[in-house]
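S.K.: Please find one structure pasted underneath; my questions will follow.
FYI, it's all coordinate maths here, none of it is from the lab. Everything numeric here is computed off the predicted structure, so don't read it as measured data. Cβ coordinates were reconstructed from backbone atoms using ideal geometry, including for glycine residues, and neighbour counts include every protein chain displayed.
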Amino acid sequence: MRNLVQLALQTIALNAEVVEQYAGPMPDGSVPSIAATAFDVDRNVTYSAMTLQGKILIWKTSGECLFSLEEPSFSFCGSYITPESQIASLRVLAESSQLALVTRAGDIVIWDLDDSGNFNNDADVQGTVETGVLAASWSPDDTLLSLVTSV
């Protein structure tokens, strides 16, 4: 068994005012929260996804930044609009330099990443599972995606 040593700790803070710039006004009493994260160890970037009002918003934080409570610790990368904005999986595919999103509605969405981790293109839907996706899991080498679907 391996002993794991914590090398770094990163705190990601969502500022409601910044989120509203990209998502529009939030319903009364709603608080933005992170639904999924993905790590890009090659670029030292953490991607965070949140769902709000039928949108999935993707944010990026750099592991090299020093964060303060005054400044948002993330920058907006892009969004994906879907009728059911729940996330089954968010994963960085290192070999192909892509960020993959699997939604509970059944969409498999890909963004190409540049050298700094920004999106090169808009969301590209690779396919859709008509019955939806309950869970998704990637193989360690990112070559296989296992999906659990409803009947």
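S.K.: In nm, what is the difference between 0.36 nm times the number of residues separating residue 142 and residue 94 and their Cα-Cα distance?
M.R.: Using 0.36 nm per residue and subtracting the Cα-Cα distance, I get 16.5 nm.
S.K.: Then there is this: Given a Förster distance of 41 Å, report the FRET efficiency between residue 105 and residue 44 from their Cβ-Cβ distance, rounded to the nearest 0.05.
M.R.: For residue 105 and residue 44, the calculated efficiency is 0.85.
S.K.: Which distance in nm do the two modelled labels at residue 128 and residue 84 give, with both placed 7 Å along the Cα-to-Cβ direction?
M.R.: Going from the residue 128 label point to the residue 84 one covers 1.3 nm.
S.K.: Over the stretch 80-151, what portion of Cα pair distances is larger than 14 Å, expressed as a whole percent?
M.R.: Tail of P(r) above 14 Å: 58 percent of Cα pairs.
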